[in-house]
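Visitor: Got a structure here, written out as structure tokens. Questions coming.
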């Protein structure tokens, strides 16, 4: 998949539900979840539509700021990893305890002008109480970090499950101008988490200078359990794919075939991670497991500070607030599902490399 051939053709993504099989059912399940972050995501989607006229006007200002920005002076830090492996937790912690800027839920209300919205209305996370919670990657407050599809889709397309493997020179130039303008207006390292970027790390590193990656992995059994439950919560059906590299169950009468599909999904992503990271300078990347991050998040912050030039930590907040997190092993499935999961994971597949932290 190739992105648009010219900056003028690269339109911001203004929709949310392209890879969801039953949006109305999803809305119902989100409302019933009782999760604040789920309800907030629905509120933002409605509010975004109301703000469309304002967004259109602000986009005129945004275009001017993107024409000739000064060269980017600050690095980019991208959190990547498979879905349901803890990337959102890592993102939220880094956004709060590192002195960085990031795409927020507020910026997502203005998909045509996220930079202008962040400049005018943004509120630093260190000025608000901590709130480390999410609903399948959705955070609650307007100041909370957002995965930024409304920006990335301009250059990488709208498909959340399959990743662009090349972009045009014009799209790469526009992407560079956007992040140069961003770090000029908000002069700090830029932080983002987007699971789709897991499969285009090399592409991004070739087109964006001074970029660093935090690669997150999780115990495969816990990840698979969570992905299976995600299908039911998000799509309403275990047989309907959800997440990066997910695939549709076709022509298979096996009632537990979806368990194999999820395991294949995770192994395919791991294979891709190994290929992507093999082409990236190890000095521009740290690899961490969800489990070790939960046990000792402070050590990961220190490692990131040592890896990314110019990155500063909010030491007082870390000292006052940051504690280890309780690990989630993933809610157990039915006995039949657990047995099938164990069998599927024993199949000869790529092994996960040992984390560097």
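Visitor: Counting only residues that are surrounded by fewer than 16 Cβ atoms within 10 Å (Cβ to Cβ) and outside any helix (DSSP H, G or I), which one in segment 21-50 is modelled with the lowest pLDDT?
Guide: Checking each candidate, the answer is 22.
Here's the yes/no breakdown for (1) under 21 Å from residue 150 (Cβ atoms); (2) within 24 Å of the chain's Cα centre (by Cα):
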| position | (1), (2) |
| --- | --- |
| 24 | no, yes |
| 31 | no, yes |
| 42 | yes, yes |
| 49 | yes, yes |
| 64 | yes, no |
| 68 | no, no |
| 81 | yes, yes |
| 85 | no, yes |
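Visitor: Would you check if there is a residue in segment 73-84 being more than 24 Å from residue 217 (Cα to Cα) and buried (at least 20 other Cβ atoms within 10 Å of the Cβ)?
Guide: The answer is yes, given that some residue of segment 73-84 is more than 24 Å from residue 217 (Cα to Cα) and buried (at least 20 other Cβ atoms within 10 Å of the Cβ).
Visitor: Here is a check on your reading of the model: is residue 352 assigned to a loop (DSSP other than H, G, I, E, B), closer than 19 Å to residue 80 by Cα, modelled with pLDDT under 95 and within 22 Å of the chain's Cα centre (by Cα)?
Guide: In short, yes.
Visitor: Here's another thing I want to ask about it. Taking the residues in segment 306-341 that are in contact (Cβ under 8 Å) with a residue 60 or more places away in the chain and assigned to a helix (DSSP H, G or I) as candidates, determine which candidate is nearest to the chain's Cα centre (by Cα).
Guide: Checked segment 306-341; the qualifying residue nearest to the chain's Cα centre (by Cα) is 307.
Visitor: Does residue 245 satisfy the condition of being surrounded by 13 or more Cβ atoms within 10 Å (Cβ to Cβ) and on the phi > 0 side of the Ramachandran plot?
Guide: Judged against the criteria, residue 245 is a match.
Visitor: Only residues that are in contact with a strand residue (DSSP E or B) (Cβ under 9 Å, 6 or more places away or on another chain), assigned to a loop (DSSP other than H, G, I, E, B), at pLDDT 95 or above and over 22 Å from residue 35 (Cβ atoms): list them for segment 88-147, please.
Guide: 99, 100
Visitor: Name the one entry in 300, 259 that is touching a helix residue (DSSP H, G or I) at 6+ places or on another chain (Cβ under 6 Å), at pLDDT below 95 and assigned to a helix (DSSP H, G or I).
Guide: 259
Visitor: Please count how many residues of segment 217-233 are in a loop (DSSP other than H, G, I, E, B) and in contact with a helix residue (DSSP H, G or I) (Cβ under 6 Å, 6 or more places away or on another chain).
Guide: 1
The values are calculated or read from the model by the stated rules, or taken from the named source; none is laboratory data. Keep in mind the model is a prediction, meaning the values are calculated, not measured. Positions of Cβ are backbone-derived with ideal geometry, glycine not excepted, and every protein chain shown enters the neighbour counts.
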